[in-house]
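J.: Please see the structure below; I have some questions.
The values are calculated or read from the model by the stated rules, or taken from the named source; none is laboratory data. These figures come from a predicted structure and were not determined experimentally. A quick note on method: Cβ atoms are made from the backbone with ideal geometry, for glycine too, and the neighbour counts reach across all protein chains shown.
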């Protein structure tokens, strides 16, 4: 078993090279995940794909192979991946958005791995300030979902081999398609999913890949630092799947302000303070409710009423059960 036929197909030269089919990509990823592929060949394959530009078929094929290696996962309503580098973002306000959505009754699974982040944007360090408990395993995630309606499952806790592939960035110096695969994989096979991107062309790519993977409901947006987090002072286009069919929805700006998400750096404690009402920050609150509204659309809420629903969830947030580990 070798990756050489696939490297040959992609690297033959101008006019002769081609992308992989979905079946070829699935077979190649299966070989990589088995540990049988030569490490040099793995790097060559990933960098050729980066150079050529990954395709929906390749991403879907990789994701299918990955699914066959995953452990049993808990029942989940909304899949929320978090794999952005975060160099251009501030606090991960979207964590509070996910918590709001969980309070609407959805079981929300965050999963991820985030490198190259500053202390203020470190998702894992911020979790406890958002009242979200990290899980040590899929079984632990199931327990937390039963209790709190939300959990964060670190990538290394359910597929450490994929984390090894992500960390090849340290060796190769470039991002690879594995980042995209992690965003679309939806490990618990939730009917609804949200995905953030940093570069706009990935919205179309991930939308088509989601359709190939049989994703029923999906919302993708260009978000803060590449996360699923909307800017409330800008029109935002959602690239969606609804009952498996592609469409786009524009969420209009609802805050007349030019502030950027990374302006005015704040410590992670600000997440807990905003939630508790100890501080008033209308922009941060709008980020939270606007992002929650986009996630509600992914779950089938009408686009015209999603923001109003998110606002109600925010105003009534203290009437809900306080999750295990939440800060006051």
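To keep it simple, each residue is scored yes or no on (1) assigned to a loop (DSSP other than H, G, I, E, B); (2) in the same structural domain as residue 82 (by TED's automatic domain parsing); (3) crowded, with 16+ Cβ neighbours inside 10 Å; (4) touching a residue at least 60 places away in the same chain (Cβ under 8 Å).
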{"position": "225", "(1), (2), (3), (4)": "no, yes, yes, yes"}
{"position": "230", "(1), (2), (3), (4)": "yes, yes, yes, yes"}
{"position": "233", "(1), (2), (3), (4)": "yes, yes, yes, no"}
{"position": "240", "(1), (2), (3), (4)": "no, yes, yes, no"}
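J.: Can you tell me how many residues in the range 150-160 are buried (at least 23 other Cβ atoms within 10 Å of the Cβ) and part of a helix (DSSP H, G or I)?
T.: Selection size over the range 150-160: 0.
J.: Going residue by residue through the range 142-149, is there one that turns out to be in the same structural domain as residue 308 (by TED's automatic domain parsing), at pLDDT below 95 and part of a helix (DSSP H, G or I)?
T.: No, the range 142-149 contains no residue that is in the same structural domain as residue 308 (by TED's automatic domain parsing), at pLDDT below 95 and part of a helix (DSSP H, G or I).
J.: Among the residues of the range 318-328, write down those that are buried (at least 17 other Cβ atoms within 10 Å of the Cβ) and either at pLDDT 95 or above or under 14 Å from residue 273 (Cα atoms) (or both).
T.: 326
J.: For the range 80-107, how many residues are under 12 Å from the mean Cα position of the chain (by Cα) and more than 18 Å from residue 156 (Cβ to Cβ)?
T.: Within the range 80-107, residues that are under 12 Å from the mean Cα position of the chain (by Cα) and more than 18 Å from residue 156 (Cβ to Cβ) number 3.
J.: Would you mention how many residues in the range 123-141 are more than 28 Å from residue 267 (Cβ to Cβ) and not in a helix (DSSP H, G or I)?
T.: 1
J.: Scan the range 255-295 residue by residue and report those that are closer than 16 Å to residue 126 by Cβ and not in a loop (DSSP other than H, G, I, E, B).
T.: Matches in the range 255-295: 269, 270, 271, 272, 273, 274, 275, 276, 284, 287, 288, 291.
J.: If you go through the range 161-204 one residue at a time, how many are part of a helix (DSSP H, G or I) and closer than 18 Å to residue 66 by Cα?
T.: Total meeting the criteria: 13.
J.: Just to confirm my filter: which helices (runs of 4 or more DSSP H) fall fully inside the range 1-79 and include at least 1 residues that are under 22 Å from the mean Cα position of the chain (by Cα) and modelled with pLDDT of 95 or more?
T.: 22-34, 39-52, 56-67
J.: Something else now. Does residue 183 meet the test of being buried (at least 20 other Cβ atoms within 10 Å of the Cβ), closer than 28 Å to residue 204 by Cα, within 17 Å of the chain's Cα centre (by Cα) and at pLDDT 95 or above?
T.: Criteria met by residue 183.
J.: Still on this structure: Report, by residue number, each residue of the range 207-217 that is under 21 Å from residue 159 (Cα atoms) and in a helix (DSSP H, G or I).
T.: Passing the criteria: 209, 210.
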